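Here is the structure we will look at, set down as structure tokens.
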Amino acid sequence: MLEFFFIGFLLGISSGISPGPLMAVLIQETIKGNIKNGIVVSIIPIITDIPLILILVFLIKQVEQIEIITKVLSFLGFIVLLYYGIKDLLTTKVDLEIDQKTTDSLKKGFITNIFNPHPYIFWGLIGVPFIVEEDILNMVSFVIGFFTGIVCSKISIALAVEKSKMFIHSKYYIYLVRVSGFVLIIFGLILFSRIF
């Protein structure tokens, strides 16, 4: 159970610090408003991802050859993690498009994440195939670990941005992204090993 929490937590941190649409909204809302706006955006993955997880688990459980399906999805997940991991390892600068329009932080974060492909790719090819054949405790531990990691890392980024508006362009953030790339590659190899 703790093992699944820890794996979920590490993946959550990696997802939380990786550049992407939600990160752009997080930075924008923190800069325009304050840390409260950043915290609101940080919890968006919980709101958008839980229904997605439940739907995917339900659909995969309906398949008779569940073991074959999870192996195929795990292999695709391994390829995706390898790609994202190498991309993060090779990051030299972060360029996030910041939309200057003023809107409600919760609404903007929700809409951004609904149309963000990353959660669908992560849960469809990586997260759910990894846990769908586990018992309920391991499944819940992984999900709680993931959301703990992603929310904590996003709040930490929001705090850093509020204190120093240049943090996102600093070498420290680049180092964080590269570490997250290493974590993604390690987890990709774990997924690959479970295929056999």
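Remarks
- Cβ pairs under 6 Å, 6+ apart, first in segment 98-117 and more than 16 Å from Ser42 (Cα to Cα), second modelled with pLDDT under 90 and surrounded by 12 or more Cβ atoms within 10 Å (Cβ to Cβ): Ile98/Ala24; Ile98/Gln28
- Residues satisfying the stated conditions in segment 51-68, i.e. assigned to a helix (DSSP H, G or I) and either at positive phi or without any contact (Cβ under 8 Å) to a residue 40 or more places away in the chain (or both): Pro51, Leu54, Ile55, Phe58, Leu59, Gln62, Ile68
- Selection within segment 2-41 - among the small types (Gly, Ala, Ser), under 17 Å from Phe122 (Cβ atoms) and in a helix (DSSP H, G or I): Gly8, Gly12, Ser14, Ser15, Gly16
- Meets criteria (without any contact (Cβ under 8 Å) to a residue 40 or more places away in the chain, surrounded by fewer than 20 Cβ atoms within 10 Å (Cβ to Cβ) and in a helix (DSSP H, G or I)) for Tyr172: yes
- Subset tally (residues that are under 30 Å from Ala24 (Cα atoms) and either surrounded by 15 or more Cβ atoms within 10 Å (Cβ to Cβ) or touching a His at 6+ places or on another chain (Cβ under 9 Å) (or both)) for segment 55-74: 4
The values are calculated or read from the model by the stated rules, or taken from the named source; none is laboratory data. Not measured: the values here are computed from a predicted model. Methodologically, a virtual Cβ is constructed for each residue, glycine included, from the backbone with ideal geometry; neighbour enumeration extends over all protein chains shown.
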